[in-house]
Structures are given as structure tokens and as C-alpha cells.
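K.L.:
Supplied in C-alpha cells, the structure appears directly below.
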Amino acid sequence: MVLGLLSWAIASSPGWSSVQQSYFDPAEARLALPEVAEAFVFNVRLFLVAEVTILAVALVVAVIRVLPSPALMPLKLVAVVYTDVFRGTPTILVIFLVGFGFPALRLEGVPTSYFTLGLIALTLSYGAYVAEVVRAGIQSVHPSQVSSARALGLTYGQAMRLVVLPQGLRRVMPPLLNDFVSLQKDTALVSVIGLVEALRAAQVRASNDFNFTPYVVAACFFIAVTVPIARFADWIALRQLRREQGRVLG
Amino acid sequence: MRRQATERAASLLQVEAVRKRYGRNDVLAGIDLSIDTGEVVCLIGSSGSGKSTLLRCLDLLERVDDGTIWFEGVDVTDPRINADVVRRRIGLVFQAYNLFPHVSVLGNVTMAPRRVHGRRRREAQDEALALLDRFGLAAKAHVFPDSLSGGQQQRVALVRAVATRPRLLLLDEVTSALDPELVGEVLSMVAELKDEGMTMLIATHELSFARDVADRVCFLHAGVVHEQGPARQLLDSPREPRTRDFLRRFHAR
Ligand SMILES: Nc1ncnc2c1ncn2[C@@H]1O[C@H](COP(=O)(O)OP(=O)(O)OP(=O)(O)O)[C@@H](O)[C@H]1O
Ligand SMILES: [Mg+2]
């Protein structure tokens, strides 16, 4: 209803025909589609790989931060500084610094492929966020769970892997998936270091034709991928709620 | 880890002058206690007397500040000892069951046999099912713990501990969290374990149960074993005034 009114108001506004021309030109969309689609494959690839590396970094950092051993104090300090620094720095800045800084070092073995650089930057930035989510999950598991696991003879590592993490991660699944929704969007940020991904492809197209329709096409691709993840997150959250309230077995 | 040189042949468990303090609170102030294989010992004492603390120290979940614990002739308070290896041979069941909510009853029972004792999945499952069956829980093997009653959960927790074949089983007020009508099923299971020859140290407020099942009862007071003796003798005609006090107050409730 509201949406209908809104679209009617927009469509009947005096500037509509020119906006439609430059943003929703069907001919232009048809032209841009294959290029943007081809570039979008890159976004998806980056997203899929980054998901894994981010989760790995986050798990390691989160576990280091909750370890009870005082002997690991220096390592814990590193983990704290890492999360503080990278949670405080805008992702786009991290991408700039890594994307232009690493190659400038001209060190042996430092990756120079833009894909790898973008991956490193996103992993550093998102790893810090996701580590905090994972840590919250770990800490939501009652310490008596660890006690009873240890009492059965499990090592600390086994207790973590078999008892704490499965429970903790399940509990933070919705916020975790939300972070991945925003990660999928932020794969567009790597265009700032010259990577040709969907946004960049749209940009090139748009400036050639003096028409913004390619941007809208790119937006549609991002929406098409993030909406299912968001729905999945909702579904997980709902199922969890039901489970906690109704003790439904799954 | 290899056995230490400091071995001695005696009781299964021997506790000597064990101390544990939290801040300025001397919870254990020199505990002496020994348990022979096959013996069932009940630990009584008012709330806060340190029963749970003692059991956690014996299972090496807490480090003692002073004193020695000999288990199977090995000084397990030696810092070089691998505590995980000791814990494998001791079972501990808590007041609040502490089952793992994310795995089934069967998963709870087979976790330690598989992951700690290296049993094959099938083998561990067959043994677990046999144990569950013996204690009337076979129908519950594939459900999640939170669909069980408190009594059932505690019986699963007992089965989970027994499945690791402990040389010593520590029970910490296993019926205190239960509704009165569920206490019986758990206590009869404990009695059954005794009949099978399980060595147990049981912290409990169930004095009539202690009278029936314990070979010996220890009264914990002010951080020490204040009085101990055969169950009937200690519970019916204690020698120490403080023990008498405790029992009188207990029965007056
Ligand atoms: N982790 C801890 N930190 C500080 N104090 C503790 C800790 N654990 C136990 N205490 C204290 O030690 C004392 C003994 O506690 P404990 O739980 O061993 O008693 P209990 O005999 O098991 O009592 P209950 O019958 O209520 O279970 C209490 O005063 C308690 O407050
Ligand atoms: Mg207690």
C-alpha cells in the first residue's frame, strides 16, 4: 500500500521521465547486463573465499582471547590489539592500505594479485568483527559445560571443539549471517584498488554511456544474493527461538 | 604421561592435609581421607562446608594449595602430572547434571569413550545402549537432553560417567536439584552401582540414603573431616558434639 502510493508519487513526479531515462533505461540495462554479470562472478568468488578465511581468523582470535592460560598473555594482547585496531578502522581504509601498501613494500613473497590483496584486506577487517561475535558465543556457554567435559577426561581443546564451539556458534548464527550479508556488499569496496568487480564494471559502462542504469543492474545482483542470506538468517533465528521456547527437537 | 617415581601401594584414594582457600576463605583446612577400592563413602556437612570444593579438587578441576592426593598410588598433586589422564580414571557427576544440550543422549554417553578412550563408534554406541537399557533409558537414546525430566537427565549423567569405566566415581549432591518424586529413581541407580562394586565418594544431604548405602560416612566441618565412621554408628550415635548438632538441626528441618 505504502509502496504503491510511493511508486505512484514517484512515477507522476515532473522529473520522472528523465530519471527513468538515465536510471531505468531498458536498452542500456540489456547492454550492461552481461558485463556486470561477468564481473559479479568475481564478487561471489571473493565472498566465498573470504567467508572461509574470515571464519578461520575469527575462530583463532576468539579462542585465544578466552583461553584461561596466563602464559599466553602476550598472544592475547596481540589478539586484543588486532580486534581493537581493525574494528575501529573503516573497511575501505584497510583496503586502501593493504591494496597499495603491500605491493609498495616490494618484498619477496608479498602477494601482488588484486584478488589476494582484496581478500587479505577483507579478512583483516571482517575477521575482527566476526571474532567478537564468536567470542560472545563462546562466553554464552556456561562454564559448567567445560567442567563436565573436562571431568569426562576431555582436554581443553576437545572441550572447546566438541562442547563449547558447537553450542556457542549455533547461538550467534543470526548475527554471524548478518555480518556475511554485509561482507557480500563490501566485496564492492575492492573496486577502489582497481579491481574489476560488478560495481567497477557498472561504473565503466555508466561513464561511457552517460547513463546510470548499469548501477541499478549491479544493485540488483547484490540484492539477489544478499536477500536469500538474510532470509536464511531470519529462519535460523526463528527456529532457535522456537527451540528455546517450545523445546522442539530438531 | 608416565608414572612418577613417587608411588606407594595403599588405598585407591588417599588425601593428606589438603588445603584450598578462596581469597581469605579457608574452605579446605587440612583434609585427611582415604578410600579403598569397592568402598562407598558419603560426605555430609552443612552448606558451604566445602564438599563440592573437595570433589572438584579430587578430580583436579581445582588445584589444591597444599597437601597431597594419592590416586592409584600416584601423587596427582604433582604439577608434572597430566591431569587429563587422571580425570579419565575418575568420574564426576554434578548436582545440575550438565548434560551437553547440543547432542543426543547417546552422543552424550559416547563422547568420552570415543574421543578420550579411542573406542570405535559402533563399539561405543553398543556399550552405551546396553548401559542405557540397563537403567531404563533405552527409549531415550536418540532424544536431546532437554526433553527429559530432571531425574532422567541425572540418570543419563550417571550413565555418561559410568561409560568411561572410572576407578572412582564422585557424586556431588546428585539429587539436590530434583523434585522429591524424582529422587528415588536416581538413588536406586546409585545403589545399583554400589552392588556392582563401584567405588564412590558421595556428597549428599540424603541422610537416610547415606545410612543405607554408605560403608562409611565423613562429616565435614570447618574445612576438616571432623568425624568419620561406619554409616550407622556416625549417623545414629555420633561421638562429636558438632556432629550431633548438625544431625539434630538436620532432622529438625
Ligand atoms: N570458585 C570459588 N570462588 C570463591 N569462593 C568459592 C568458590 N567455590 C566455592 N567457594 C566458597 O567455598 C565455600 C565452600 O563451597 P562448596 O561449594 O564447596 O560447599 P558445599 O559444601 O558443596 O555446599 P553445598 O552443600 O551448598 O553444595 C563456600 O563458602 C563458597 O562460597
Ligand atoms: Mg556443593
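K.L.:
What ³J(HN,Hα) values, in whole Hz, does the Karplus curve 6.51 cos²θ - 1.76 cosθ + 1.60 give for the stretch B:155-167 when θ = phi - 60°, with x put for Gly and Pro?
P.N.:
After applying 6.51 cos²θ - 1.76 cosθ + 1.60, I find 5, 5, 4, 5, 4, 4, 6, 5, 4, 8, 6, x, 7 Hz.
K.L.:
State the antiparallel share, in %, of DSSP beta bridges confined to the protein assembly as shown, rounding to the nearest 5.
P.N.:
On the way: 22 of 38 bridges.
The antiparallel proportion sits near 60 percent.
K.L.:
With the full set of protein chains in place, find how many percent of the accessible area of chain B is carbon and sulfur; take the probe as 1.4 Å.
P.N.:
Percent of accessible area from carbon and sulfur atoms in chain B: 45.
K.L.:
A follow-up question, please. With charges only on Cβ, +1 for K and R and -1 for D and E, what is the dipole size of the protein assembly as shown about its Cα centre, in debye, rounded to 20?
P.N.:
Details: 55 positive and 48 negative charges, 73 e Å.
So the magnitude is around 340 debye.
K.L.:
Still on this structure: Please report the spacing between the Cα centers of the stretch B:129-191 and the stretch A:92-136 in Å, no decimals.
P.N.:
Spelled out, the Cα-based centre of one part sits 51 Å from the other.
K.L.:
What's the longest bit of chain A with no exposed trypsin sites (Lys or Arg not before Pro), using DSSP loop states and at most 11 other Cβ atoms within 10 Å as the test?
P.N.:
On the way: sites that count: A:Arg106, A:Arg247.
With a cap of 11 other Cβ atoms within 10 Å, the longest stretch comes to A:107-246.
K.L.:
Roughly what % of DSSP beta bridges within the stretch B:2-252 run antiparallel, to the nearest 5?
P.N.:
Here the share of antiparallel DSSP bridges comes out near 60 percent.
K.L.:
Something else about it: Roughly how much accessible area, to the nearest 100 Å², goes out of reach of solvent when B and A pair up, both sides summed, probe 1.4 Å? Walk me through the intermediate numbers first.
P.N.:
Working: alone 12080 and 14380 Å², together 24470 Å².
The contact between A and B buries close to 2000 Å².
K.L.:
Now, a different point. So the label point goes 7 Å from the Cα of A:Phe96 along Cα→C-beta, right? Which residues of the stretch A:180-210 then have their backbone N under 13 Å from it?
P.N.:
A:192-193
K.L.:
Now for a different question. Would you be so kind as to list the residues of the stretch B:62-86 that have their accessible area lowered by at least 10 Å² in the full protein complex compared with their chain by itself (1.4 Å probe)?
P.N.:
For the stretch B:62-86, once contacts with the other chains are taken into account, B:Asp84 lose 10 Å² or more.
K.L.:
Using alpha carbons only, how many angstrom separate the centre of the stretch A:139-199 from the centre of the stretch B:60-98?
P.N.:
32
K.L.:
Between B:Trp70, B:Val40, B:Gly50, whose Cα lies farthest towards the positive end of the dipole of the stretch B:40-101 when Lys and Arg beta carbons carry +1 and Asp and Glu beta carbons carry -1, centred on the Cα centre?
P.N.:
So the residue we want is B:Val40.
K.L.:
Okay, next question. Once you average over the residues of B:99-107, how many Cβ atoms of partner chains fall within 10 Å of each Cβ?
P.N.:
Per residue, the average neighbour count from other chains is 4.
K.L.:
So, one more: From the Cα gyration tensor of the stretch B:145-253, with a ≥ b ≥ c the square roots of its eigenvalues, which class applies: rounded if a/c is under 1.5, or else prolate if a/b is larger than b/c, or else oblate?
P.N.:
Here the stretch B:145-253 falls in the prolate category.
K.L.:
Hey, another quick one. Roughly how many nanometres apart are two label points built 7 Å out from the Cα toward the Cβ at A:Thr53 and B:Ser104?
P.N.:
It works out to 4.0 nm between the two label points.
K.L.:
Please determine, in degrees from 0 to 90 and to the nearest 10, the orientation of helix A:91-105 with respect to the longest principal axis defined by the Cα atoms of chain A, where the helix direction is its Cα long axis.
P.N.:
80
K.L.:
Could you give the dipole magnitude of the stretch B:2-252 about its Cα centre, charging the beta-carbon of Lys and Arg +1 and that of Asp and Glu -1, in debye to the nearest 20? Kindly include the intermediate steps, with their values, before the conclusion.
P.N.:
Values: 35 positive and 34 negative charges, 145 e Å.
Result for the stretch B:2-252 is approximately 700 debye, rounded to the nearest 20.
K.L.:
Taking chain A as a Gaussian network, where each spring joins two C-alpha atoms under 10 Å apart, which residue of A:Gly118, A:Gly99, A:Gly194 fluctuates the most?
P.N.:
The residue with the greatest mean-square fluctuation here is A:Gly194.
K.L.:
Plugging the Kirkwood radius over Cα pairs into Stokes-Einstein for the stretch A:146-250, at a temperature of 10 °C and a viscosity of 1.306 mPa s, what D comes out in µm²/s? Before the final figure, lay out the partial values.
P.N.:
Details: Rh = 17.2 Å.
Diffusion coefficient, whole number: 92 µm²/s.
K.L.:
Amide H to amide H under 5 Å from B:His221: which residues, 5+ apart in sequence or cross-chain, H placed 1.01 Å off N in plane?
P.N.:
B:His226
K.L.:
Specify the residue with the greatest mean-square fluctuation among A:Leu152, A:Leu195, A:Leu165, computed from a Gaussian network of chain A linking alpha-carbon atoms under 10 Å apart.
P.N.:
A:Leu152
K.L.:
Hey, another quick one. Counting only other chains, and only Cβ atoms inside 10 Å, what mean value do you get across the residues of A:137-147?
P.N.:
Details: counts 0, 0, 0, 0, 2, 3, 0, 5, 5, 2, 7.
For peptide A:137-147, the averaged partner shielding equals 2.
K.L.:
To the nearest 20 Debye, how big is the dipole of the stretch A:155-244 about its Cα centre, given +1 on the beta carbon of each Lys and Arg and -1 on that of each Asp and Glu? Walk me through the intermediate numbers first.
P.N.:
Details: 10 positive and 6 negative charges, 91 e Å.
Charge dipole, the stretch A:155-244, about its Cα centre: 440 debye, nearest 20.
K.L.:
Excluding residues fewer than 8 places away in the same chain, name every one of the lysines whose C-alpha is closer than 23 Å to that of B:Lys20.
P.N.:
Filter leaves B:Lys51.
K.L.:
Quick one: how many Å² of B:Asp245 are accessible to a 1.4 Å probe, rounded to 10?
P.N.:
Approximately 70 Å² for this residue.
K.L.:
In terms of solvent-accessible area of protein heavy atoms at a 1.4 angstrom probe, what is the ranking of B:Trp70, A:Trp235, A:Trp16, highest value first?
P.N.:
Reading off the accessible areas and sorting them downward yields A:Trp235, A:Trp16, B:Trp70.
K.L.:
Enter the accessible area of A:Met173 (Å², nearest 10), with the probe set to 1.4 Å and all protein chains included.
P.N.:
70
K.L.:
Using only the Cα atoms of chain B, what are the Rg and Dmax in Å?
P.N.:
18.2, 55
K.L.:
Let me ask you something else. Of B:Glu196, B:Glu185, which has the most accessible area with a 1.4 Å probe, and how do the rest follow in descending order?
P.N.:
Sorted descending by solvent-accessible area, the residues read B:Glu196, B:Glu185.
K.L.:
Please determine, in degrees from 0 to 90 and to the nearest 10, the orientation of helix A:2-11 with respect to the longest principal axis defined by the Cα atoms of chain A, where the helix direction is its Cα long axis.
P.N.:
So the inclination is approximately 30 degrees.
K.L.:
Turning to a different aspect of this structure: Where the convex hull is taken over the Cα atoms of the protein assembly as shown, what is its projected area averaged over directions, in nm²?
P.N.:
For the protein assembly as shown, averaging the hull's shadow over all directions gives 33.9 nm².
K.L.:
Then there's this: How tilted is helix A:213-246 with respect to the longest principal axis of chain A? Cα atoms for both, answer in degrees (0 to 90, nearest 10).
P.N.:
Once rounded, the angle reads 30 degrees.
The values are calculated or read from the model by the stated rules, or taken from the named source; none is laboratory data. Note that the structure is predicted; figures quoted are calculated from it, not measured. In this analysis, Cβ positions are derived from the backbone assuming ideal geometry, glycine residues included, and neighbour counts consider all displayed protein chains. These area figures cover heavy atoms from the full protein model, side chains too; ligands, DNA and RNA do not enter into them. Shrake-Rupley method; radii C 1.70, N 1.55, O 1.52, S 1.80 Å.
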